[in-house]
Every structure is written in C-alpha cells, then in structure tokens.
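Reviewing the structure listed below.
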Amino acid sequence: MKVLLNPQPSLSISFNNSPFPKLSFLRRRTLSPPTASATVQHFDIPEFDIRNPALSSSYRSPVLAKPNQTVLEAQARVCTGPTQTRPLDEEQAFKVFDTILRSARGELKDDEVSRAQLGAFFAGMTIRANAFPEETQWSEGETRAMKMFWPLLVRVLPPDVIFVADPDGSMMGVGSSIGPCYVGNCTSEMRLVGALREVLAGGHLGFEEVQGVLKEVLPFKERGEQSQGLSEALLSAFLMGQRMNRETDRELKAYCLAFDDELGPLPVADVRSLTHYGEPYDGNTRFFRSTLFVAAVRSCYGESCLLHGVDWMAPKGGITEEQMLKYMGANVNLSPFEAKRLLEDDEIGFAYVSQREARPSLYSLTKIREHIKKRPPLATTEKVQRYVKATGKEAIVTGFYHEGYEEPLLMLMKRRGVHSGLVVKGEEGALSMTTRLRSVGKTRGIPVNYCSGFRSHDVSSTSELGGVTRQGFSLEVNAADYGFQPTDTPRTDRSVSKNIELGLAALCGEKGPAYDRIVLNAGMVDHLLRADGAEDISVALDRAREAIDSGNALKRLLNYIKVSHKVD
C-alpha cells in the first residue's frame, strides 16, 4: 500500500480472503498528519516536488510571483458584475492608488503590483464608468482619489495600462492622446487592442472575433521570454472585461471551442458509455470532494468516467483530483491518448487528464488567473471540455454556483453533441450533491442539490447538432427521500490527505457521510442520465453500494494508480 503515497509505485497487495486491502498504515498516518519532512523521509516523496503534500496550497508553483494583496482585495470588490460590484470608499481608494503609484515608481520591489493586476483593476474601473448602473459606478471617494492620483500615474504607468484606464483619452476631463492612439507593440496586440476597445465600452464580440483573439494571443508568453511577448495587462483586461460584461452565448462558445484542435483529432475510446466530469478547476477548500471515488464506483458497472482539471488554480486554490491522485502515487501527466487506454481497460474504466497535457494554451494562463482575482470566462467553459470521445453514448456532468450559468453550461454541452448533460448546484459550486438537511429558511438563489439537464430520445442522432429530440428536466434532490440519513458534509479544509482518508475509508465499506455521499452521487447521476439499468433510482443506488461493498471500486482505484505508470 506504499503505492498510495509514492509517486513511483510498485503495487503489491494481498486481499487475504477479504474484499479490502489492509489500510492500517494509512489510518495510522492520517490520524496525526505528518510534517512535510516526515512524509518525504518515510514515503520517498521528493521534497523539491511537493513541500507539504497534505495541503492544497502547497501545489501552487513556487515560481509564480504573488500578487500585491492591497490591490488584489480591491479587485475582488470592483472587478465583478453590474450588481455585485462594491465601490471603494475614499480611504480604500486612496490606499489602492497610492500603492499603484509607489509600485510604478519602483518603490515596492518585493511587493509590486503586476501588469496583470493593473490591467484587471483598470479594466474594472473603465467598464464601471462606461457601462454599469449608477449604484455600481465610481463612488465619490474613488472619483476624488482618481482626480488626485491620475496626473501622477499617467507619468509613470506604461502605455498599455494607460490605454486600459483611459481608452478615449478623456480621464477626469483632461485630454490625452495615449489611449486613443494606442495600437499595441505587435500583431497579436493590435488585434487584442481592437477587441478591447469594444469590451471596455461595455460591448460584446462575435464568435469569430473572440476565437481569433484567443488563438492569436495563446499560449501566453510574457515579454522578456521572447521578443514578441504579449502584454499581460492587455490580456488580463480582456479576460476580466468579458466576465464583467456578462458573456453572451456566442462568446462562451468561442472560449469553449477555441482550442479543440490544439493537439489534433481527439482519441476515440471503445466504450459503451462515457461521462465527462467537469469539476471547478480551482478545487474545494472546505468540504469533501467525492468525484474521484464516484468515478471508481461507476466504472464497476460499465459507466466509464473521464475526469479533468489542474494541479492548482486560483482564486480558491483548493483540493483537486490531480492533487489527490498525485499524493496517492498515480501518474498525473497522461495524454488524452493514454487516458483512452485506461478507459478501455476492463479492470479500470476511468481516467484523469490534466489541462496541462490536453490544452497547454489554456494552462499558460495560470499566473494571470491568480492575478486577476476573479474567475474569467474560461472558468465556466473549461468544465465542458471533451478530451476523449467514445464509440458509445456520452454525457457531461458539471457543477455551478452563480445563478444564470446553468443554462449556458447546458447550451455548451449540447454544442458538444453529447447524448445527455447535467448541471448540479453542489456545495462550493462543485458538482457533488450532499446528504445534509435542506435549508428551511432559504431566502434567495438556487438551493444546493438543484439539478438541471437533458437526455436525448434518439441516441443514434445525437452526433448531429440539428434535429435532435431532447428531454429537459430539473429538480431539487432531497437525499432523505431515498433513505439517506441527514448528515453534515465532512470537512477537509484544504487537507488533501484528509480528503483521501475519507474517500478510501468509504471505498473500504466504512459507512458514514462520505460513503453516503459517494453512493448518492453515483446512483443519482446514473438515474438522471438514464444509464442502462438505472431507470429505478433504488436499483441505481443499490448498484453503487454493491460496487463499494464488494471491494471492486477500491480495487479499480488501486489498479489505476499502478497502471497509469505503465500505459504508453
């Protein structure tokens, strides 16, 4: 069982007439989490690779420069939607602009405000002034701060940032030629600047225009890495501005489909059913993340599952499937073609693909996404990626948090041509349903465990985008209706090892909240997507329990860890 903690495992497990391997070492280790040095010493985890593998924050790359916290907190307030924005008061505004000024003068060497932060912050200020309703436009304090600092800032800020802050050259009523005359420093920037003029005015772009910009500027390379590097201020302003303006369907389609052909044609797995799981890439920070264990369960009865994500992503920087798999010793650098082989393996039936391997252009934005603070359009569309196709029927399942994104997500799923799709309002915006009691005093918003989706009547016709007959559905799942005892969702609080401990204990048959959560999510997804043999919800749930209680689900997870290092 050292395989669960060693990045280069050799599996050797005796089941001793029991469906479960012995996990005593794991229990002994996780009751009192070890220090990073103890983990490295006893389990051969390279210290240079993972400094403290028990915490999700340790998976953030140490080579990434950290953003300035003063400006980042301001971005959290002003770089958001027309009704969610919270203007800065005078004290806050003066502090932010003073920080930007001192950074631009070179006085904050160890805590400078990055170009990406400047682009996002000033894009937010410009869009608020041009297009937001009165209550979320500039406050009196922001106006006074800008009036005092802008004459000083315009002398020290680079031209790309001045353009974002003052594209029309009329800031505070003072004429300036920098913004109106700015065109960029290379061909890629010229196209980006043209699109930005529309975005900064609160406007929207067409499908081809967004795709053209993305393909022109990605993968992102900062100036200095090569002579034609792109301005991160312009790119962050574009990403932030599109989200603040509330993306249209055509804009979301462009983000979703722009890099489908980046690595060539998708591999096709010879499986009768494949579910693509799109968890939020920035992970869970509070509650048990169950999808990896659900995938192991569903694979036991022919429902193959493909998970995808990243090692670490802002803004939450929470627990991801990649962190768990890496901590347990699996290979997390699989290509889509290698994942295809694991999906077809009769002893495994599920796989994980990292965005790093499948969409390097999108992964190149990791630093910028941390420095813009808020989630860009990609945070929505990356959950609806399709890295492997199937010969049989396909489904996409993903989570959402903010009301209004459920229909765009389902639209993107239909655009993918899959047979069925499901969006779940899970805890933390993830796709997992909970067994806890429903809130009695709910006042607004969509409740946790709300599900919406579609199923295709004619499976043979879903490869065509037109003429497909689909059945839509929506419901709020109450776990108590299906015999589950109400329990609070187990907390993990960024602990990767705690999340693994809960999941493995459940796959070992230990009854409790984690076990129930895995069963509920496996059986309910089967039922809602009308998987073969899951028309009756009680049958679907019993099938999931059997996959766990027989030891089959755990065995498949262990097989995955071993075989992922041998596939080629």
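The values are calculated or read from the model by the stated rules, or taken from the named source; none is laboratory data. These numbers come from a predicted model, not from an experiment. Glycine gets a Cβ as well: all are built from the backbone with ideal geometry, and neighbour counts include every protein chain shown. These area figures cover heavy atoms from the full protein model, side chains too; ligands, DNA and RNA do not enter into them. Shrake-Rupley method; radii C 1.70, N 1.55, O 1.52, S 1.80 Å.
At-a-glance table
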quantity	calculated
Flag for SER460 being assigned to a helix (DSSP H, G or I), at pLDDT below 95 and open to solvent by 40 Å² or more (accessible area, probe 1.4 Å)	yes
Selection count, segment 327-357, where residues are assigned to a helix (DSSP H, G or I) and out of contact with any His (no Cβ under 7 Å at 6 or more places or on another chain)	13
Boolean, LEU502 is at pLDDT 95 or above and open to solvent by less than 20 Å² (accessible area, probe 1.4 Å)	no
Answer residue from segment 144-196, given it is of a type in the set (Asp, Glu) and assigned to a helix (DSSP H, G or I) and is nearest to the chain's Cα centre (by Cα) among those	GLU189
Among the candidates ASN245, ASN185, residue that is touching a His at 6+ places or on another chain (Cβ under 9 Å) and more than 30 Å from LEU55 (Cβ to Cβ)	ASN245
Looking only at segment 392-415, and only at residues there that are among the charged types (D, E, K, R), without any contact (Cβ under 8 Å) to a residue 60 or more places away in the chain and not in a loop (DSSP other than H, G, I, E, B), the one that is surrounded by the fewest Cβ atoms within 10 Å (Cβ to Cβ)	GLU407
Test: THR487 is assigned by the TED database to the domain that holds VAL418, buried (at least 18 other Cβ atoms within 10 Å of the Cβ), β-branched (Val, Ile, Thr) and under 26 Å from CYS451 (Cα atoms)	no
Residue pairs meeting the criteria (Cβ under 8 Å; at least 6 apart or on separate chains; first closer than 19 Å to VAL332 by Cβ, in segment 289-304; second acidic (Asp, Glu) and part of a loop (DSSP other than H, G, I, E, B))	ARG289/GLU279; THR291/GLU279
Residues being touching a strand residue (DSSP E or B) at 6+ places or on another chain (Cβ under 7 Å), closer than 18 Å to GLU394 by Cα and of a type in the set (D, E, K, R) - total across segment 322-372	2
Any chance LYS383 is under 24 Å from PRO360 (Cβ atoms) and modelled with pLDDT of 95 or more	yes
Test: residue in segment 200-212 that is surrounded by 14 or more Cβ atoms within 10 Å (Cβ to Cβ) and in contact with a strand residue (DSSP E or B) (Cβ under 8 Å, 6 or more places away or on another chain)	no
Condition met for ALA379 (under 28 Å from PRO490 (Cβ atoms) and touching a strand residue (DSSP E or B) at 6+ places or on another chain (Cβ under 8 Å))	no
Residue count for segment 69-122, restricted to those that are open to solvent by 10 Å² or more (accessible area, probe 1.4 Å) and small (Gly, Ala, Ser)	5
Members of segment 225-274 that are open to solvent by 10 Å² or more (accessible area, probe 1.4 Å), in a helix (DSSP H, G or I) and hydrophobic (A, V, I, L, M, F, W, C)	LEU257
Given (1) at pLDDT below 90; (2) farther than 25 Å from GLY317 by Cα; (3) open to solvent by 30 Å² or more (accessible area, probe 1.4 Å); (4) assigned to a loop (DSSP other than H, G, I, E, B), number of the condition ARG28 does not satisfy	(4)
Residue among ARG298, ARG341 that is open to solvent by less than 10 Å² (accessible area, probe 1.4 Å) and not β-branched (Val, Ile, Thr)	ARG298
From LYS389, LYS373, residue being open to solvent by 20 Å² or more (accessible area, probe 1.4 Å), at positive phi and either among the charged types (D, E, K, R) or modelled with pLDDT of 95 or more (or both)	LYS373
Breaking point among (1) modelled with pLDDT under 95; (2) closer than 16 Å to ALA237 by Cβ; (3) open to solvent by less than 70 Å² (accessible area, probe 1.4 Å), for PRO151	(2)
Any chance ASP493 is over 28 Å from the mean Cα position of the chain (by Cα) and in the same structural domain as TYR327 (by the TED database)	no
Residue tally, condition surrounded by 24 or more Cβ atoms within 10 Å (Cβ to Cβ) and not in a helix (DSSP H, G or I), over segment 315-325	3
Count - residues of segment 517-541 that are in a helix (DSSP H, G or I) and over 25 Å from the mean Cα position of the chain (by Cα)	6
